[in-house]
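**Q** Below are the structure tokens for one structure; questions will follow.
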Amino acid sequence: MPTVDLKQVHPYGDTFDDGIVQLSFTLPVPFGEEAQEAARRFALQCGFQEPKVVHAQDLGEGFSFFVLYVSSLVSVDFTEIEVPKFSHEHLEKPEIENRIRTLLGRKLVVVGACIESDAHTVGIDAIMNMKGYNSHKGLESYIEIDAYNLGAQVPCEELLAKALEVSADAILISQVVTQRSLHLQNLTRMLELVELVGLRKRFVLVAGGPRINYELAKELGYDAGYGPGTYAEDVASFVLDRVLAQTNLSKE
């Protein structure tokens, strides 16, 4: 195994440290040899070296898709990277149930939805529905959690109204559609609505989706963000940790 210099990390393709990268992208040009040359020149102008078009496909209506292998001399200093991470304890379902019962002393209430024009419920269903995802049961299966899944295309006002109606502890928002940064617009709108009515500290706000992570969610003003591979217990652990912290703070 070669020794890796963590201060100068290069991509690995065929051989160690060769800097080979695979790119895929679409150009709005008709399919043909000229299109492939355009893809090659695009890669060169991006600073990559020795671009090779290994796959080209006609997408129709004047669009062409490409996969290229390119070489890069750029390296990354891995030792300088600091990524914000969750600091709470990750719990499994039985312990979550036990702590809600013994430490919170009431049911944890969670409301979730895909907001505005987003009609894709796969994310919110994976976290909230009874069957969950990949053998991880959703929040509806938790005895100590009241979970309300409002589904898709829910206006921000309706989601907030439901959260107030059921005295929710947390609001979960799933955004799958990301074209033209629609997910950022919708998430921002929800946050601004909650802040406008002076309820930002009333709820734990959690965002999720294919292009959501903890750092982005925090930048938007949310308490947490989750991407692909997240299960109900991940979200429940965080929400419970925050609710318990707020409960203890209010007692003091």
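The values are calculated or read from the model by the stated rules, or taken from the named source; none is laboratory data. Given the structure is predicted, the values throughout are model-derived calculations rather than measurements. Please note: Cβ atoms are built from the backbone with ideal geometry, for glycine as well, and neighbour counts cover all protein chains shown. To get the accessible areas, we keep the full protein, side chains included, count just its heavy atoms, and leave off ligands, DNA and RNA. Shrake-Rupley method; radii C 1.70, N 1.55, O 1.52, S 1.80 Å.
**Q** Once you've got the GNM for the chain with C-alpha springs shorter than 10 Å, pick whichever of ASP241, ASP14, ASP169 has the biggest mean-square fluctuation.
**A** ASP14
**Q** So, one more: For a protection proxy built on the mean count of beta-carbon atoms within 10 angstrom, sort 230-236, 149-155 highest first, please.
**A** 230-236, 149-155
**Q** Additional query: Given the whole protein assembly as supplied and a 1.4 Å probe, what does the accessible area of TYR226 come to in Å², nearest 10?
**A** 20 Å²
**Q** Sorting check: for 182-191, 91-100, which peptide has the highest mean count of neighbouring beta carbons within 10 Å, and how do the rest follow?
**A** For the peptides 182-191, 91-100, the packing ranking is 182-191, 91-100.
**Q** Find how many whole Å separate the alpha carbon centroid of region 169-199 from the alpha carbon centroid of region 17-85.
**A** Taking the Cα centre of each part, region 17-85 and region 169-199 sit 33 Å apart.
**Q** Carbon and sulfur atoms: what percent of the 1.4 Å accessible area of the chain do they account for?
**A** C and S fraction of accessible area: 52 percent.
**Q** Among the listed pairs LYS131/LYS201; LYS93/LYS162; LYS52/LYS85; LYS85/LYS201, which are separated by more than 29 Å between their Cα atoms?
**A** LYS131/LYS201; LYS52/LYS85
**Q** Hey, another quick one. Between GLN179 and CYS46, take the C-beta separation as r, use R0 = 25 Å, and let me know the FRET efficiency to the nearest 0.05.
**A** For R0 = 25 Å, the calculated efficiency reads 0.65.
**Q** By how many degrees, between 0 and 90 and to the nearest 10, does the Cα long axis of helix 182-196 differ from the longest principal axis of the chain?
**A** 30 degrees
**Q** By how many degrees, 0 to 90 and rounded to 10, does the Cα axis of helix 232-251 deviate from the longest principal axis of the chain?
**A** Helix 232-251 sits at roughly 50 degrees to that axis.
**Q** If you count only protein heavy atoms with a 1.4 Å probe, what accessible area per residue comes out for region 93-250, rounded to a whole Å²?
**A** Value returned for region 93-250: 46 Å² of accessible area per residue.
**Q** Another one. Roughly what angle does helix 156-165 make with the longest principal axis of the chain, taking Cα atoms, 0 to 90 degrees, to the nearest 10?
**A** Approximately 30 degrees, to the nearest 10.
**Q** Within 10 Å, count the other beta carbons around each residue, average over each peptide in 110-120, 194-204, 135-145, 170-180, and list them highest first.
**A** With the highest mean Cβ count within 10 Å placed first, the list reads 110-120, 170-180, 135-145, 194-204.
**Q** Please work out the average accessible area per residue across region 1-48, using the 1.4 Å probe convention, and give it in Å².
**A** 74 Å²
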